[in-house]
Amino acid sequence: MMDVYFDNAATTRVYEPAAELVTSLMLNEFGNPSSLHDKGVEAERYVRGARETFASLLKVKENELIFTSGATESNNMAIFGAARARRRYGRHIITTAIEHASVYNPMKELERQGYELTVLPVGSSGLVDPEAVRSAVRPDTILVSVMGVNNEIGTIEPIADIVKAVKETNPETLIHVDAVQTFGKVRFYPSRLGIDMMSVSGHKFHGPKGTGLLWVRGGVRIEPLIYGGGQQKGMRSGTDNVPGWAGMAKAAQLEFENFDDKVAGLYDLREYFIDQVLQIKGTAVNGGLRPGSFTVQEDPLACAAPHIVSVSFDDVRAEVLLHAMAEKGVSISAGSACSSNHPDISRTLKAIGVPKEHLDSTVRFSFSFDSDREQVDYCINALKEVLPVLRRYVPGGRKKRR
Ligand code: PMP
């Protein structure tokens, strides 16, 4: 039996050199960067190195980066931090119907605290319409948060056009992008794009779990979430996670080696997978446009990411399908693993208008740069084996299809 891991949007295997660096730092350079002795100074060097790596990969300044425990913290810091810092200027905030819970729930919490929240709908491919954003922005809009790539369907949002629409309407409005599924898969330079804040998560690009960062454009002031010893210029107190952040930076470096070739290869693999899966009867691919469709959109960013494919299967429950696939050695997830506590509710699938009978029959396949055709073939064969058996048992399934 082959072991096929197609759940890389949930998390990834840590790159060996990154894991080795983490271990070595834990065992050898274990100092606290706040300490003044050699062990502390040496540890500080690794945090600075991590900062330099991300500054150069993102083309931003080192002092604009705040390391965190992951994107959930980064998103919370961006949203609450900006809302608190700007509350004197307005109480209106905007997000979209397809955001990850770590953006959506902080926004809902702000609404409970008295802010006014606009949740923008999306089209059937999951695209946010920049003109809809333009109409929603008001003089009292303090924050817009839109994700770079959706984690369930892989749609790349037209961030450049959204930035233009927002800043032309209200130059004071801050724009935050959850770039968790974007970083390492789509070229994205936040400063050049004109956004103000961006969240990244280490474990989505083969770094350790519990690591992430928030980029905040120089000159933009947000309030900290966490108070304490004043680390990271008071923006995020707490002893630095030296091994984690250094390991995350190592993983980022490796992710971007031969980047363009790897991305092109992944798009080929995605296309191959989609062609194969659509040959199975009763399947539909959701959201993000087909690969190679860059030209259809004016904005080259407005298309599908290379690593995520959402597929609905007639007459089978996603949960049942993924258990049957797990028995064949294939790891996939229903909708998104992050919301697996509520597998019955996917805001994203509802927002793009996936038919009711498919909401519970949708599975996400997500690849990494080391996925290959042999794995895709194995996965497709496994689907062909299990689907006819499972579909037979769906109560009323046959009737429904007429
Ligand atoms: N945003 C998106 C789009 C995600 O996919 C995830 C991870 N599922 C997160 C935020 C949360 O990241 P973390 O696991 O680092 O908290």
Practice item. At a Cα cut-off below 22 Å, give the lysines reachable from LYS250, other chains included and same-chain residues fewer than 8 away excluded. Key: LYS39, LYS59, LYS61, LYS185, LYS204, LYS209, LYS262
Check your understanding: So what's the angle, to the nearest 10 degrees on a 0 to 90 scale, between helix 159-169 and the longest Cα principal axis of the chain?
Key -> 60
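Using a probe of 1.4 angstrom, how much of the accessible area of the chain is carbon and sulfur, in percent?
Working: 8700 of 17080 Å².
C and S fraction of accessible area: 51 percent.
Taking the Cβ of TRP245 as the centre, find all other residues whose Cβ is under 11 Å away and add up their charges (Lys, Arg: +1; Asp, Glu: -1).
On the way: positive: ARG48, ARG51, LYS250; negative: ASP240.
My count for the surroundings of TRP245 gives +2.
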Study note, to complete from the structure: Using alpha carbon centers only, region 41-70 is separated from region 10-35 by a whole-angstrom value of 15
Review point. Within the chain, what's the longest stretch lacking chymotrypsin sites (Phe, Trp or Tyr not before Pro) that sit in DSSP loops with no more than 14 other Cβ atoms inside 10 Å?
Key: 228-392
Review point. For the chain, what is the accessible area per residue in Å² when the probe is 1.4 Å?
Key: 42
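Filter the GluC sites (Glu not before Pro) in region 180-277 to those in DSSP coil with at most 13 other Cβ atoms within 10 Å of their Cβ, and list the result.
Numbers: sites: GLU255, GLU257, GLU271; in loops: GLU257.
In loop regions of region 180-277 (DSSP not H, G, I, E or B), the sparsely surrounded GluC sites (Glu not before Pro) are GLU257.
Taking every DSSP beta bridge that has both residues in the chain, what percent is antiparallel when rounded to the nearest 5? Display every interim value, and only then the final one.
On the way: 22 of 42 bridges.
Taking every DSSP beta bridge with both residues in the chain, the antiparallel ones total about 50 percent.
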Study note, to complete from the structure: Descending accessible area (1.4 Å probe), largest on the left, turns GLU157, GLU73, GLU172 into GLU172, GLU73, GLU157
Study note, to complete from the structure: For the chain, the percent of all C-alpha pairs falling in each 20 Å bin, from 0 up to the bin holding the max distance, is 27, 55, 17, 0
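Taking every pair of distinct Cα atoms and averaging 1/r, then inverting, what Kirkwood hydrodynamic radius in Å comes out for region 16-255?
On the way: mean 1/r = 0.0550 Å⁻¹.
For region 16-255, inverting the mean 1/r across all distinct Cα pairs yields 18.2 Å.
Give the dimensionless ratio obtained when the Cα radius of gyration of region 20-115 is divided by 2.2 N^0.38 Å. Write down the numbers at each step before the final one.
Values: Rg = 18.1 Å, N = 96, 2.2 N^0.38 = 12.5 Å.
Compactness ratio reported: 1.45.
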Review point. Once both axes come from the Cα atoms, what is the angle between helix 242-255 and the longest principal axis of the chain, in degrees from 0 to 90, rounded to 10?
Key: 50
Practice item. Find the centroid of the Cα atoms in region 120-136 and in region 175-227, then give the distance between the two in whole Å. Key: 22
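The values are calculated or read from the model by the stated rules, or taken from the named source; none is laboratory data. Computed from a prediction, not measured in an experiment: that's the story for all the values here. Neighbour counts are summed over all protein chains in view; Cβ atoms, including those assigned to glycine, are modelled from backbone coordinates with ideal geometry. Heads up: the accessible areas ignore ligands, DNA and RNA and are worked out on the full protein's heavy atoms, side chains in. Shrake-Rupley method; radii C 1.70, N 1.55, O 1.52, S 1.80 Å.
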